[in-house]
1. Considering only protein heavy atoms, what per residue accessible area in square angstrom results for the chain with a 1.4 angstrom probe?
2. I'd like the orientation of helix 152-163 relative to the chain: the angle between its Cα long axis and the longest Cα principal axis, in ° from 0 to 90, rounded to 10.
3. Can you list, by residue number, the Cys in the chain that have no neighbouring cysteine C-beta under 4.7 Å?
4. So what's the back-of-envelope 222 nm ellipticity for the chain, counting only DSSP H runs of four-plus at -39500 (n - 2.57) apiece and dividing by all residues, rounded to 500?
5. Between T153 and A51, what length in nm is gained on full extension when 0.36 nm per residue of separation is reduced by their alpha carbon distance?
6. If you place +1 on the Cβ of every Lys and Arg and -1 on the Cβ of every Asp and Glu, how big does the dipole about the Cα centre of segment 15-93 come out, in debye to the nearest 20?
7. Amide H of S26: which non-local residues (sequence gap of 5 or more, or other chain) have their own amide H closer than 5 Å, using H built in the peptide plane?
Amino acid sequence: MIAETLTMSTPDGPFTIIAADGSVLSAGWTAELSDLTGQIHPTLRPTGYTAVASLGAISDAVTAYYDGQTCYIMQVPVRQKSGPFRAHAWDVLRTVSPGKPVSYTEYALLAGNPAAIRAAASACAFNAAALFVPCHRVVRTDGTLGGFRWGLTVKESLLAREAKL
């Protein structure tokens, strides 16, 4: 499979998307494709990449997000693969509302296993489809940001943008 790639300018810096067959495989705030390819599960990893000028509804959803219309991001199909808990946890992340971040403890509870706080944090850490699977909406119990693959400045910016909606 040959995947399509697109790097968009956003207020948070370059945002690159890798997509195939209308689904996001990986995405993040980088202009370097190599920062994203390793996050794709080996069974989903493309054999090649081609840069495109638009990804249609996918890139339109990113533009809409930065224009204050966050709902379209959650409508974009995403393909990630992992074990049952992590795959379910990624689906659950897509139900966390913008402007209403949850703690890692709350996230584990939402994912159906209140004792799996570390597993919930791991689901965030291994999420390849940033923004489309909004791991930035998970914070520490005390409200501090915790970690984020793309940097705390980006996480803080996303949360602040969503808090205004």
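The values are calculated or read from the model by the stated rules, or taken from the named source; none is laboratory data. Here the structure is a predicted model, which means the values were calculated and not measured. Ideal geometry is used to build each Cβ from the backbone, glycine not excepted, and the neighbour counts take in all protein chains shown. Just the protein is used for accessible areas: all its heavy atoms, side chains included, with ligands, DNA and RNA removed. Shrake-Rupley method; radii C 1.70, N 1.55, O 1.52, S 1.80 Å.
1. Values: 7840 Å² over 165 residues.
Counting only protein heavy atoms, the per-residue value for the chain is 48 Å².
2. Long axis of 152-163 versus the principal axis of the chain: about 80 degrees.
3. Flagged as lacking a Cys partner: C71.
4. Values: 6 runs with 52 residues, N = 165.
When only DSSP H runs of four or more count, the value is -9000 deg cm²/dmol.
5. On the way: separation 102, 0.36 × 102 = 36.72 nm, distance 2.74 nm.
Contour length minus Cα-Cα distance gives 34.0 nm.
6. On the way: 4 positive and 6 negative charges, 64 e Å.
Dipole size: approximately 300 debye.
7. Under 5 Å from the amide H of S26 lie the amide H atoms of I18, each far enough along the sequence or on another chain.
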